[in-house]
């Protein structure tokens, strides 16, 4: 039986409406937010985290945002996943939230373009 819609996921889809349609897929206890086939945001504990590069990360941190840190269950190691939360002031402003999200989507596109198209064959 499919899980019922998550109210936070519905809220996030509405929050990012100014940038166009996004899809949200559950994964690993959280969810990914996708546009144009690329994940640009991560949802966890009712928080929106945006994919970042050095510049976007600095801008988000200047707004008081913090990184998403995953704790590896087997070792307890803290791993920075490269996502930083959306500033709290943007959580009530779809235009501002979408402006940040568009920057995160641009980061996702740049990182995807930098990846090799094919994997090397195993010997």
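Side notes on the structure shown:
- Residues within the stretch 69-94 that are within 11 Å of the chain's Cα centre (by Cα) and either surrounded by 20 or more Cβ atoms within 10 Å (Cβ to Cβ) or outside any strand (DSSP E or B) (or both), tallied: 4
- Taken over the stretch 10-29, residues that are buried (at least 17 other Cβ atoms within 10 Å of the Cβ) and either modelled with pLDDT under 95 or farther than 28 Å from residue 73 by Cβ (or both) amount to 4.
- Considering the stretch 30-45, and only residues there that are under 18 Å from residue 85 (Cβ atoms) and at pLDDT below 95, the residue that is farthest from the chain's Cα centre (by Cα) turns out to be 45.
- Qualifying residue in the stretch 95-113 (condition: over 14 Å from the mean Cα position of the chain (by Cα), in contact (Cβ under 8 Å) with a residue 60 or more places away in the chain and under 17 Å from residue 19 (Cβ atoms)): yes
The values are calculated or read from the model by the stated rules, or taken from the named source; none is laboratory data. Since the model is a prediction, treat every value here as computed from it, not as a measurement. FYI the Cβ positions are ideal-geometry reconstructions off the backbone, even for glycines, and counts take in every protein chain you see.
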